[in-house]
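Read through the structure below, which is laid out as structure tokens, and then see the notes.
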Protein chains: 2
Amino acid sequence: MTGGTPTPRKATRRDVARLAGVSDAVVSYTLNGTAPVAATTAERVLAAVEQLGYRPNQAARALRSGSADTLAFLVPSSSDPVFTNPFFGEYASTLEAAARDRGYALYTTATSFHPDEVLARFREFAARQIDGVLVLAGDTPLDSTALDRVGLPWIALNVATRERGVASLGTDLRAGAVATTTHLLEHGHGSVGFVGQDDPSEPRYIGWLQACAAAGVPAGPFVAAEVTRPGGRDAGHRIVDDRAADPGRAPRAFFVASDRTAVGVLRAFHERGIRVPEDIAIASFDGSSEAEYAWPGLTTFRQPVDEMARSAVTRLLATDRDHAHELFPGELVLRRSCGCPDAGR
Amino acid sequence: MTGGTPTPRKATRRDVARLAGVSDAVVSYTLNGTAPVAATTAERVLAAVEQLGYRPNQAARALRSGSADTLAFLVPSSSDPVFTNPFFGEYASTLEAAARDRGYALYTTATSFHPDEVLARFREFAARQIDGVLVLAGDTPLDSTALDRVGLPWIALNVATRERGVASLGTDLRAGAVATTTHLLEHGHGSVGFVGQDDPSEPRYIGWLQACAAAGVPAGPFVAAEVTRPGGRDAGHRIVDDRAADPGRAPRAFFVASDRTAVGVLRAFHERGIRVPEDIAIASFDGSSEAEYAWPGLTTFRQPVDEMARSAVTRLLATDRDHAHELFPGELVLRRSCGCPDAGR
DNA sequence: TTGAAAGCGATACCAT
DNA sequence: ATGGTATCGCTTTCAA
């Protein structure tokens, strides 16, 4: 048994109209401001609304108007536990705030990023009269043609490179990698290695190469790693092993492609007694809170998640939607892992 | 400009009916199994659905049936960034899977836990024909009477103690604290201190006291700390300061009430050169992935989030809802921070 | 400024 | 087994 008080039937617009002595339409006008209403009439309506505790039925509204006043936020439920993604949290809060500011609710859902499933989710959203979809892109490419066919506006977040016909945005990873690598080089570490995905077209990889070239030093070793903590730990172990095998040319610094990965690398170094930054310096990418509380604190290139999230909502809701790829600058946050003195935290 | 192909008007139930040469009702019967339909007719209907790419309009369905086939998951957006809560992620994935298994979508939203706002969100959910609410309780108590009045079934997750009239569940914190503290004592640390909220009625606090009493040792010092990383760091600094002031009776071990807090404590210890577990041993609570990748790995009492999430959905959707408080056992995960040898990870 | 009434798309009751 | 049709609660012409 529910055990609660027997809920009185919910008040509808009609009840309000009757109590206020006006027609259904006027209630609607008053509440939505869709037509001018005499001040005294409005007052009576509002009083009736208050007295009855009336709340418009959103399903009816959605049916009639074709909009549920809701945005969906689709996040990947990949190998590393979904929502555990450090970014996800920041994105979600800001998106939710931004959406709310504009009168929309935000519907956050996880999905595997198999193209079929993404498409299925889009269809489901359409059926629910969702107004737009924010997609936190994983590495999986999206079938934009199929998604567009669903007829829902959507925008991809956290995207590295422009893709034809897709509205997207993301941090300028290449520029960030250049800044971070350059900083590492300025510490005089001689050469800087790279830990990250094995993908020559990846902007962070490219930026790393560019920074090394610009400094006139040979690029340090490339160490392939999955962008997860276990992946980083693994890579860390390999780095330590290589170092043991050939101490002479062992690199003194690494640019690690993500905070998550760096946490794993750090872990591996601790396990093997490698001191950071004394033996090997590290700088990573993302600027999540993991970087702050790692030991030592991780120097990291912060992605401007807040701004990106706000822009995403704005663009998604814009009437003149574009298919541009918007690139955001980030900023380097200095901590001890790169060799900088630890400034407080 | 959206630039896409002009979307053809969405097919409705009526289009399907016409194409299949049946009435609207039969389409409904076929799709929902609400009435017997001849096999050949069903086939024609299904074919029409397929051909038209028909998807029932959920808003209409919700309006008519009073159910949106959707559950809401309300998480606190407190000081520590919302979704960053280590538990949130695990809960969200499992809840979503469990809901989906039963044909419901899950709507995840953050809110401050000011009673007024929670109530407002409940009302909003009701207006959207949401079928039930899963509340990830923060420390804030909920006004169950007010919430019940909204008429939505709901259940509180992550709850420590039974409260009259509230359906809830949570880990047996007290038992976990006993197990964890006892383990610490078995390492022969002499006495064990406690780092956590300043609340004598808190089950982890009580469990800590009980374990000390049972072992016949005086309870070590109590160090108040907010349940956040900064809070833990703060507490850690105080511990180190006290230790410096009176090295003689400095405690050798601490039970820390959450992984988050412990990460902060660890950070403080690192900053001050205190070795864990050699100088001070630590064990914490939650069993999140932060504990695994901390250095040293944190011994922690794992909460069975998955089971709790599944049970929550089951109970929320049960026809005979109860107001019980369901307590789940957890398990101690041993790592190096307590003094155990590090077993692999 | 206000009211009457026509739908939005689906469900389910009542006939047949 | 199948078909008409009232109805869910709201928005929005169109007239008054």
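Tabulated results
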| quantity | calculated |
| --- | --- |
| Fluctuation leader among B:Thr261, B:Thr12, B:Thr140 - chain B, Gaussian network, Cα springs under 10 angstrom | B:Thr12 |
| Using alpha-carbon coordinates, inclination of helix A:259-271 to the longest axis of chain A, degrees | 40 |
| Gaussian network model of chain A, springs between alpha carbon atoms under 10 Å - residue of A:Leu298, A:Leu71, A:Leu147 with greatest fluctuation | A:Leu147 |
| Per residue Cα convex hull volume in Å³ - calculated over segment A:200-287 | 98 |
| Ascending count of other beta-carbon atoms within 10 Å, so fewest first, for A:Thr145, B:Thr171 | A:Thr145, B:Thr171 |
| Total formal charge among the other residues, if their Cβ is under 15 angstrom from that of A:Ala219, Lys/Arg +1 and Asp/Glu -1 | +2 |
| Built amide H within the under 5 Å cut-off of A:Thr108, gap 5+ | A:Phe73, B:Thr108 |
| Backbone HN-Hα couplings from phi across segment B:123-136 [Karplus 6.51/-1.76/1.60, Hz, Gly and Pro as x] | 5, 4, 4, 4, 4, 8, 6, 4, 8, x, 10, 9, 10, 7 |
| Chain A: most fluctuating residue of A:Ala294, A:Ala47, A:Ala324 per GNM, C-alpha cutoff 10 Å | A:Ala47 |
| Nitroxide proxy distance, nm - points 7 Å out along Cα→Cβ at B:Glu331 and A:Thr40 | 7.4 |
| Length-normalised contact order for chain B - Cα pairs under 8 Å, 6+ apart - percent | 15 |
| Shortest-first nm distances, A:Ala324 label point to equivalent points in other copies (7 Å, Cα→Cβ) | 5.8 |
| Tilt relative to chain A, helix A:305-317 - C-alpha long axis, 0 to 90 degrees, to 10 | 40 |
| Cα long-axis angle, helix B:229-245 against chain B (0 to 90 degrees, to the nearest 10) | 10 |
| Rounded to whole Hz, the Karplus (6.51, -1.76, 1.60) HN-Hα couplings of segment B:65-76, x for glycine and proline | 8, x, 9, 9, 6, 9, 10, 10, 10, 9, 10, x |
| Amide H contacts under 5 Å for A:Arg252, placed H, 5+ residues apart | A:Ser191 |
| Phi to ³J(HN,Hα) by Karplus 6.51 cos²θ - 1.76 cosθ + 1.60 over segment A:318-332, Hz, x for Gly, Pro | 5, 6, 9, 5, 10, 10, 7, 10, 9, 9, 10, x, x, 8, 7 |
| Whole-angstrom Cα spans of the protein assembly as shown along principal axes, big to small | 80, 66, 59 |
| Inter-probe distance in nm under a simple model that places probes 7 Å from Cα toward Cβ, at A:Val217 and A:Arg164 | 4.1 |
| Size of segment A:13-56 as Cα extents on the principal axes (Å, biggest first) | 23, 19, 15 |
| Percentage of interatomic Cα-Cα distances in segment A:120-250 larger than 22 Å | 52 |
| Built amide H within the under 5 Å cut-off of A:Phe285, gap 5+ | A:Ser258, A:Asp259, A:Phe301 |
| Environment charge at A:Thr171 (Cβ cut-off 11 Å; Lys +1, Arg +1, Asp -1, Glu -1) | -2 |
| Pairwise Cα inverse-distance average, inverted: Kirkwood Rh of segment A:274-343 (Å) | 13.9 |
| Across the identical copies, how the A:Asp342 labels are spaced - nm, sorted shortest first, 7 Å along Cα→Cβ | 1.8 |
| Gained length - B:Ala318 relative to B:Arg64, 0.36 nm times residue gap less alpha-carbon distance | 89.2 nm |
| Area projected by the alpha carbon convex hull of segment B:225-330, averaged over all directions, nm² | 8.0 |
| Pair-distance profile P(r), taking every C-alpha pair of chain A, with 20 angstrom steps and integer % | 27, 42, 22, 9, 0 |
| Antiparallel DSSP beta bridges within chain A, percent to nearest 5 | 10 |
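We did not get these values from a lab; they are worked out from the coordinates using the rules stated. If you're wondering where the values come from, they're calculated on a predicted model, not measured in any experiment. Note: ideal-geometry Cβ built from the backbone for every residue, glycine included; neighbour counts use all protein chains shown.
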